[in-house]
1. Determine the dipole magnitude for the range 32-142: charges of +1 sit on the beta-carbon of Lys and Arg, -1 on that of Asp and Glu, nothing else is charged, the reference point is the Cα centre, and the result goes in debye to the nearest 20.
2. Gain in length, Ser131 to Ile33, computed as 0.36 nm per residue apart minus the alpha-carbon separation, to one decimal in nm?
3. For Tyr149 paired with Asn70, estimate the spin-label separation in nm (one decimal), with each label point 7 Å from Cα along the Cα-to-Cβ line.
Amino acid sequence: MNFKLKSLLVGLSVISLHTTLPKAIRIIGPDIIVLKQEIQDSGGDSVINPGEVIYMTIWLSNIGSGTANNVYAILTCDDSLISISVDSSYYGNIEPNDSSSGSTPYIFSPSLFTPDEHPVSFDLTVVSADSDTWVLHPSIIIRKPILEYYNKIIVDPDSNHVPAPG
């Protein structure tokens, strides 16, 4: 990195430096990244809870200069608390500066024994027909549901205000 002295004010001890940074590197050919993830859960609150069935749509984006042809991706996870039931999706051709959501969402379920605030990192292996391969790492956080006291109901069939066994 090159530094050039732009200004110096000794009385107030102010020094400004101008930094010359290297130019951005342009990728030749396709370059695939995760653009975003969309979550639909069986609980309907878009929060990933233990025991739910999760439908995760992963959007891929091509930030390179060439088309990624016939893109296919497989989702894996080494976490023993995660069970993946649908692990693959077809993305088709992804043009430069374009994105795709894939043909089907990935489906998985966190174990009922998953602790609160548990981070999960997946491996998404993306392959094109041109033998290009990218390994991406989408991640999620699993949260336990928040339980709150709502109301109490006491059923007293005898109306004697004495609790009965059972």
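Taken together, the values in this text are just the output of simple stated rules run on the coordinates, not laboratory data. This structure is a prediction, so every number in the text was calculated from the model and none was measured. Every residue, glycine as well, gets a Cβ built from its backbone with ideal geometry; the counts of neighbours run over all protein chains shown.
1. On the way: 1 positive and 14 negative charges, 36 e Å.
Rounded to the nearest 20 debye, it is 180 debye.
2. Values: separation 98, 0.36 × 98 = 35.28 nm, distance 1.63 nm.
Gain on extension, Ser131 to Ile33, equals 33.6 nm.
3. 6.3
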